[in-house]
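Written below as structure tokens is the structure these notes are about.
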Amino acid sequence: MKTRILTLCLALLAGCSGSWETDYGTGIENTVSQKWRVREVNVAIPDDLTTTETNSYAPNADVVWHEDPVGDRRMQVAEILTDGVRRGARPLRGSKPVNLDVMLYEFHALTPLARAKAPSAVHNIAFSIQVVDARTGEPLTEPEFIRADLEAHVGEAAFEAFQQGETQKVRITRHLQQVTASWLGIGPDVRRSFSSAGR
């Protein structure tokens, strides 16, 4: 009976296969961003984003994060997003102080069950980012929607990665760093699409 249920769950998850992407609009010209120096990264998480502690293959929630101890999941993912964006903007050494205002729309990482048993999976991450003058608060860019999906390690690959320190947090933070640098025009263009099972 358990085997039949597991097979059904895996089939349903495979049925959620689709196209995922790391993408944004035009991004920032390097000649513009090089004039900036980032003072603060401010991450906002709307109150209506749902969270869950359900350990299923693909729980229906906007914020899913299990790698830290049980606690304030919004705060935990806000810290990851802040860290990744800050690292991506760190090379900027211009004279104009700016802040990066970030709004989270989705942060759906793997549950322990999905990491152990799913045939494949995706970390679904979406947010918007806007550059504002740190002195006046004047917007210097329009809010840019960024899709930052990332293939997840599952099964034996996930176990081996964890043993080597490549946790979900490490991989997602590094990915957010690369995406931010790409958007700012100070790193390689990481925009791409891929196919995988996911939510």
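Would you mind checking the tilt of helix 73-89 against the longest principal axis of the Cα atoms of the chain, expressed as 0 to 90 degrees and rounded to 10?
That helix lies at roughly 50 degrees to the long axis.
When all protein chains stay in place, what accessible area (Å², nearest 10, 1.4 Å probe) is found for S95?
Surface open to solvent at S95 totals about 100 Å².
Can you run phi through the Karplus equation (6.51, -1.76, 1.60; θ = phi - 60°) for segment 182-194 and list ³J(HN,Hα) in whole Hz, with x for Gly and Pro?
Per-residue couplings from phi come out as 4, 4, 7, x, 10, x, x, 6, 9, 5, 6, 10, 7 Hz.
If you average the sequence gap of Cα pairs under 8 Å that are 6 or more apart and divide by the length of segment 44-199, what percent do you get for the contact order? Could you put the intermediate results ahead of the total?
Details: 271 pairs, mean separation 38.9, N = 156.
Relative contact order, segment 44-199: 25 percent.
Considering only protein heavy atoms and a 1.4 Å probe, what is the carbon-and-sulfur percentage of the accessible area of the chain? Intermediate results must be reported in sequence, preceding the final value.
Working: 5280 of 10140 Å².
Using a 1.4 Å probe with all protein chains present, the chain comes out at 52 percent carbon and sulfur.
With a 1.4 Å probe and all protein chains in place, put K96, K35 in order of accessible area, largest first. Please report the intermediate quantities before stating the final value.
On the way: K96 70, K35 130 Å².
The ordering from most to least exposed comes out as K35, K96.
Skip the ligands, DNA and RNA, and give the accessible area per residue of the chain with a 1.4 Å probe, whole Å². Mind dumping the intermediate values first?
Numbers: 10140 Å² over 199 residues.
Here the per-residue accessible area is 51 Å².
What's the extension gain from L113 to R93 if we count 0.36 nm per residue and subtract their Cα-Cα distance? Kindly include the intermediate steps, with their values, before the conclusion.
Details: separation 20, 0.36 × 20 = 7.20 nm, distance 4.30 nm.
Between L113 and R93, full extension yields 2.9 nm more.
Need one word for segment 155-199: rounded, prolate or oblate. Basis is the Cα gyration tensor (sqrt eigenvalues a ≥ b ≥ c); a/c below 1.5 gives rounded, then a/b vs b/c decides.
Values: a/c = 3.13, a/b = 1.57, b/c = 2.00.
Judged from the Cα gyration tensor, segment 155-199 comes out oblate (a/c at least 1.5, b/c at or above a/b).
What are the residues whose amide H is under 5 Å from the amide H of I146, where those residues sit 5 or more places off or on another chain and H is modelled from the backbone?
Amide H to amide H, under 5 Å and 5 or more residues apart or across chains, I146 pairs with F127, S128, I129.
Could you give the nm distance between label points at R192 and T54, where each point is 7 Å from its Cα heading toward the beta carbon?
3.2 nm
Enter the accessible area of E40 (Å², nearest 10), with the probe set to 1.4 Å and all protein chains included.
About 90 Å², rounded to the nearest 10.
Name the trypsin sites (Lys or Arg not before Pro) in segment 54-155 that are in a loop by DSSP and that have at most 15 other C-beta atoms within 10 Å, would you? Please list the in-between numbers first.
Values: sites: R73, R74, R86, R87, R93, R115, K117, R135, R147; in loops: R93, R135.
Taking segment 54-155 and a limit of 15 other Cβ atoms within 10 Å, the loop trypsin sites (Lys or Arg not before Pro) found are R93, R135.
For the chain, modelled as a GNM with alpha-carbon contacts under 10 angstrom, which of T26, T136, T52 fluctuates the most?
Evaluated over the chain, the most mobile residue of the options is T136.
When the scattering of segment 48-199 is computed by the Debye formula from its Cα atoms alone, each counted once and equally, what is log10 I(q)/I(0) at q = 0.15 Å⁻¹?
Once normalised to I(0) and log-transformed, intensities are -0.80.
The values are calculated or read from the model by the stated rules, or taken from the named source; none is laboratory data. Quick caveat, the model's predicted, so the values are computed rather than measured. Virtual Cβ from ideal backbone geometry, glycine too; neighbours counted across all protein chains shown. Please note that ligands, DNA and RNA were not included when accessible areas were found on the heavy atoms of the full protein model with its side chains. Shrake-Rupley method; radii C 1.70, N 1.55, O 1.52, S 1.80 Å.
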